[in-house]
Amino acid sequence: MMVTTVIGGSYIAFAILYIEFVEVFHTTRLAAGWIGSLAIGCGNILGIFFGGFVKRYGSRIACIVGAVITATGYVASAFSTDIVHLYLAYGIVSGIGVSMMVVSSLVIVMQYFDRRRPTAVALAVFGYSLGALIGGPFAQMLLDKYAWRGTLIIIGGIFLQTIVCAFLFRPLVLNQSSRQQEQNPESVPAMELDARVGKGSHGCISKFRNFLSSTVHMFGLTLLRHPPFLLYMVSGFCLSLGITVFLQHTPSRAVSLGIERHKAALLSMIMGATTGISRVALGFVANIPGVNRLLQYSFSAVVSGAIQAATGFAKSFPMIAVFVVLQSISNGGFYWFSLLL
């Protein structure tokens, strides 16, 4: 939970830093918005490869490597003289590191829980909400005292502290039957087995097919052959597109409407507190026998879209805060489901 808390705080901190980047680099909101989009987008796209990395080296090593990469990206961002430098350091480098930490920290939780996995995951992702609760005011305090360069260096240092938490990750030891199942050739998919024997072929073609098949197996690319999973990917893309815009740009929109920066930072606190309570509560609901989790996910996604469509009518701080609360509640209904699929 400590790892997810730091990550959640960094997401909300960008919403505060975003306003500063627009003013310091004299750029447009569109150009500055690409920083956060690259950080989240690149990391999530490469997440499929990080899953293979976690499978091969374990959650502990993956989280440590991710923390070092993320800290490097933040510290390098502090020395940026152009927004393009932020694209590379903040957007791509730190985004890759954060994605490795996200994958490893959630995998280690799901390895230990089966029966009450929705509740366990809900409690784990509560760290994101806790980080969002303190991330906005904390980032604003750092900006007021150390400016944006000092803020980035401090955040990078905080990510290095998560290495201590990563060392506490205890890999799950498989029992003998699980190991035999992994080593049993009969459990290998036909595509991979055919590639191993090469169907009588030899030389480079056989080696290439073996490599290709092992890669597909390691990174779980066989899931791309399942239409339900592809449909879920489309759903996840639409949800991520909407919720990311809402999270990153709601504080800056409040400032553009004339609301004070300190009040705009409070929106992230409201968002974090409400989302945390919602995720835990709806995670417990999902464990109730007879509850249709897919229906819960679908209903929450529809409500989330409707709320975001109506958010533009909110022009004052109280009204924006109401929409933040409603959006955060709906967020708790679908976020944990995406981690259990």
Contact order normalised by length for the range 227-341, with contacts defined as Cα pairs under 8 Å and 6 or more residues apart; what percent is it? 36
Defining a contact as two alpha carbons under 8 Å apart and six or more residues distant in sequence, what relative contact order in percent does the range 46-97 show? 40
For the range 129-142, in residue order, the Karplus 3J(HN,Hα) values (coefficients 6.51, -1.76, 1.60; θ = phi - 60°; whole Hz; Gly and Pro = x) are 5, 5, x, 5, 5, 9, x, x, x, 5, 5, 5, 5, 5
Sorted peptide list for 31-38, 264-271, criterion being average Cβ within 10 angstrom, highest first: 264-271, 31-38
Given a 1.4 angstrom probe, what's the average accessible area per residue across the range 18-160, in square angstrom? 44
Summing +1 per Lys or Arg and -1 per Asp or Glu among the other residues with Cβ less than 14 Å from residue 317's Cβ gives +3
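The values are calculated or read from the model by the stated rules, or taken from the named source; none is laboratory data. Since this is a predicted model, take the numbers as computed values, not measurements. Neighbour counts run over all protein chains shown; Cβ positions are idealised from the backbone, glycine included. These accessible areas exclude ligands, DNA and RNA; they are computed on the full protein's heavy atoms, side chains included. Shrake-Rupley method; radii C 1.70, N 1.55, O 1.52, S 1.80 Å.
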